[in-house]
Amino acid sequence: MQLGKVMGTVVSTHKSENIQGLKLLLVQQLSSANKPLNNYVVAADVVQAGVGDVVLYSEGTSSRHTHPTANNPISGVVISIV
């Protein structure tokens, strides 16, 4: 899990059928001191986060362990609002 800040939403003109209805967020990674880093990830939102929220997100295979993202083509997921 990593700490990040939601910077905006991502619009996709075509999504896999399995992830229709999931909002995609652009998340900027934060350091442990809450300083913004130059790393960004697109993450599926399963907790109704919004722009400006500080969140915990997960990347890689662990991002497919939530109910809405299980076995779907997701590489990042927002799992908590801080």
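The values are calculated or read from the model by the stated rules, or taken from the named source; none is laboratory data. Computed from a predicted model, the values in this text were never measured in an experiment. For accessibility, only protein heavy atoms count, side chains too; no ligands or nucleic acids. Shrake-Rupley method; radii C 1.70, N 1.55, O 1.52, S 1.80 Å.
Once the 1.4 Å probe is applied to the protein heavy atoms, the chain comes out at 60 Å² accessible per residue.
Using a probe of 1.4 Å, the accessible surface attributed to Ser32 totals some 130 Å² when neighbouring protein chains are kept in position. Excluding same-chain neighbours fewer than eight residues apart, the lysines reachable from Lys5 by a Cα-Cα span under 20 Å are Lys23, Lys35. Put simply, the Cα atoms of the chain extend 38, 24, 20 Å along their principal axes, the longest span coming first.
Annotation: amide H-H contacts under 5 Å for Asp53 (H modelled 1.01 Å from N, sequence separation of 5 or more, or interchain): Val6. A 1.4 Å probe, protein heavy atoms only, puts the accessible area of Val51 near 100 Å².
Heavy-atom accessible area for Tyr57, with the other protein chains in place and a 1.4 Å probe, reaches approximately 10 Å².
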